[in-house]
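Let me begin by presenting the structure, written as C-alpha cells, before commenting on it.
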Amino acid sequence: MEKIESFKVNHLTLESGIYVSRIDKSEGVTVTTFDLRVTRPNREPVIDMPALHTLEHLGATYFRNSDIADKVVYFGPMGCRTGFYLLLFGEWTSEDIYERVLAFCDFVIGFEGDIPGASPVECGNYSEQNLEMARYYAKMYKKSLEDNKSFVYPD
C-alpha cells in the first residue's frame, strides 16, 4: 500500500503551527484539510484527553458559528492528540485562516459557562471535560502562532 501523506511529514522536526495537510478535489468540490498542530510531536506531552475533548467541543462550536460557518466540513482531534484537523470547503492557505485560528484561541481563553454539547443527551462522554486545561493549551498555541508562523511542513 502507498504511504498516506500525513505519515510522510517528519514528526521529529514538526513545530506547532497551521499547515495545509492536503487539498482534495472530487466532482467539482474542493476540500482543504488543515493540520492545526498545537504541540510539538514526540518532544512535548500530548494534549490530555479532557482538555482535548473540551477543545473539540469549543472548536466545533466556534468554527460552525464563525464567518466561515458555511465552509466548515469538520473540526476534530488527531488520534495522536497533538492537534486538530479543520476541513473547509474550497481551496485555502494557512495565511487565510491564521487570524481565525487566533480568534478561536481567544474564544477558548475567554469562554465561561457550560461547555456546548456537554450533556448526556448530546455527547457520548459528556463528563470528560477540562476547561482550565483547554484554556492552557489555547494560550500556549496562540503564543506559539504569534511567535513563529509555521505554515510549511519541515523537510
Filter result for Ile23 (among the β-branched types (Val, Ile, Thr) and farther than 23 Å from Ala134 by Cα): yes
- line: By my count, strands (runs of 3 or more DSSP E) wholly in the stretch 1-101 with at least 1 residues that are polar (S, T, N, Q) and more than 12 Å from the chain's Cα centre (by Cα) are 17-26, 29-37
query: Conditions: (1) closer than 30 Å to Gly28 by Cβ; (2) among the small types (Gly, Ala, Ser); (3) in contact (Cβ under 8 Å) with a residue 40 or more places away in the chain. Gly76 meets all but one. Number of the miss?
result: (3)
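Each row is one residue, and each column tells you yes or no for (1) assigned to a helix (DSSP H, G or I); (2) surrounded by fewer than 16 Cβ atoms within 10 Å (Cβ to Cβ); (3) among the polar types (S, T, N, Q); (4) more than 17 Å from the chain's Cα centre (by Cα).
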residue: Cys105; (1), (2), (3), (4): yes, no, no, no
residue: Glu112; (1), (2), (3), (4): no, yes, no, yes
residue: Ser119; (1), (2), (3), (4): no, yes, yes, yes
residue: Gly124; (1), (2), (3), (4): no, yes, no, yes
residue: Gln129; (1), (2), (3), (4): no, no, yes, no
residue: Lys139; (1), (2), (3), (4): yes, yes, no, no
residue: Lys143; (1), (2), (3), (4): yes, yes, no, no
residue: Tyr153; (1), (2), (3), (4): no, no, no, no
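Every number in this text was worked out from the coordinates using simple rules, so none of it is lab data. Just so you know, these numbers come straight off a predicted model, no measurement behind them. Note: ideal-geometry Cβ built from the backbone for every residue, glycine included; neighbour counts use all protein chains shown.
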